[in-house]
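The values are calculated or read from the model by the stated rules, or taken from the named source; none is laboratory data. Since the model is a prediction, treat every value here as computed from it, not as a measurement. When we count neighbours, we look across all protein chains shown, and the Cβ atoms used for this are built from the backbone with ideal geometry, even at glycine. What goes into the accessible areas is simple: the full protein's heavy atoms, side chains included, and nothing from ligands, DNA or RNA. Shrake-Rupley method; radii C 1.70, N 1.55, O 1.52, S 1.80 Å.
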Amino acid sequence: MSSSQRLLPQHTSHGSFSRFMKVILWFFLTLLNISMVQHLCGSYLCNSSHELFRLWRLVVLPTVMVVCWYTLLDSIVAWFIDIPLEEHIKAVREFSFANSLSEDLRKEMISDLTQRGSGDIEPKRGFAILSLFDKELQSRIKANLFTDHLQKLYLFKGVSPAFLFQLVAELEVKTVKPNKVVIAANEFPSKFYIGWKGGVVREINQGSSSGIRELGVYGEVGVLCFVSQPYTFRATTQSVLLSINRIELLRLLEIQRWELRIMLENVLEEVFKEDLSILRTNEAVEQCFLDNNIVLSIKRLRTCYANAIPDNDQDLLETAHKFSGGQVDIFISGLKETPLLMAVRCNNIKAADYLLQSNARTDIPDSTGITARELAISDGSEEMRQLFNSYGA
């Protein structure tokens, strides 16, 4: 027999019958004791003095009755409490197996519940079971359940294991029905959600969506930047979501500010990869990143420059440069072109003008040895040559 099985009371229908017989037995014993006391009292009434009878009637009879009835009530209470405890332990075992908890943790949960008992008559089901345990045990259960999942999400890439453990301990679990709004656009950013099971869709406009973000993160931009939620998120199926309250998150970040920076960097990378419009239309979000000196990675910055200049996407170019940390002379192609050199080669006058205004160097050669200034003078359009001349380049 395993340890977990030894910890679980092996009650059966026979055990329930035994408890019932125990109550009946104590009931008849109580009646028998009362009858005996009355008989003795009656004998003393006939054969003893009046004072001795009063002693029996006032002391012995009440004492015997109290003991008998206390024992009876104790047995009844034990019977009604023992059944819910058994059901709670059964529910804990089902929960641990369903969620693939480790054997050691399962044993500890059953042991803790057996020792402390439960104050609830009805057994808890699902994640409500966690409330049966103290915060320390809850934290380790949540860590066992959710840590691996959170480590795979973009938002927590690079955060420390200690911070992740503290964050997981504060997670709340919520079940959401299909077509239920999880977060409404423009609502106060009180918490953000993490998909555990099911799917959630982000709505762009009324009646349209941007696709299902299964097991992703929802509402993180609003919470981290403390702005009204920019999107509406709706559950597409029966979903189990994890949520973190903004107040609890700020409490954790108060002494670990570098973790906030890591998460904001991850959000900025995701914004540039998925939906740059949030920076173009929401000045508060943009200012949040700028205030925290959040910059794009070199890899993402190269991608933005390489896409913006040939496509004549001036908005992307300017937005990327805002979060470049002043890095305007990086190599962005296999030819080791700078953004300015690429702008000259593509004859993108507007991009070249912006880059020159941003103090881009004109004398950095590519892998063939040619510089932006040389290319503009020798092979550029008349407008491009005039532009370079106007900057004295």
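Overview of results
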{"quantity": "Highest to lowest packing among 288-296, 335-343, 219-227, scored as the average C-beta count within 10 Å", "calculated": "335-343, 219-227, 288-296"}
{"quantity": "Exposure of residue 383 as accessible area (Å², to 10), given a probe of 1.4 Å and all protein chains", "calculated": "110"}
{"quantity": "Per residue accessible area of the stretch 268-328, 1.4 Å probe, in Å²", "calculated": "47"}
{"quantity": "Whole-Hz ³J(HN,Hα) from phi, Karplus 6.51 cos²θ - 1.76 cosθ + 1.60, for the stretch 225-236, glycine and proline x", "calculated": "8, 6, 10, 4, 4, x, 10, 9, 10, 10, 6, 9"}
{"quantity": "Distance between modelled label sites at residue 98 and residue 290, nm, 7 Å Cα→Cβ extension", "calculated": "5.0"}
{"quantity": "Per-residue HN-Hα couplings for the stretch 97-114 [Karplus 6.51, -1.76, 1.60; θ = phi - 60°; Hz; x = Gly/Pro]", "calculated": "6, 5, 9, 6, 5, 5, 4, 4, 5, 4, 4, 5, 4, 5, 5, 4, 5, 5"}
{"quantity": "Rg ratio (alpha-carbon, reference 2.2 N^0.38 Å) - the stretch 243-320", "calculated": "1.24"}
{"quantity": "Amide H contacts of residue 245 (H built 1.01 Å from N, under 5 Å, at least 5 apart or other chain)", "calculated": "none"}
{"quantity": "Entries of 142/322; 107/197; 157/177; 180/299; 107/152; 107/177 with Cα pairs more than 31 Å apart", "calculated": "142/322; 180/299; 107/177"}
{"quantity": "Where the stretch 127-189 is the region considered: accessible area per residue in Å², 1.4 Å probe", "calculated": "51"}
{"quantity": "Virtual spin-label span in nm between residue 336 and residue 258, 7 Å along Cα→Cβ", "calculated": "3.4"}
{"quantity": "Å² of accessible area per residue within the stretch 343-391, as computed with a 1.4 Å probe and no ligands counted", "calculated": "54"}
{"quantity": "Additional length obtainable on full extension of the chain from residue 303 to residue 367, 0.36 nm per residue less Cα span", "calculated": "21.1 nm"}
{"quantity": "Charged-residue dipole, Cβ positions (Lys, Arg, Asp, Glu), the stretch 130-269 about Cα centre, Debye nearest 20", "calculated": "280"}
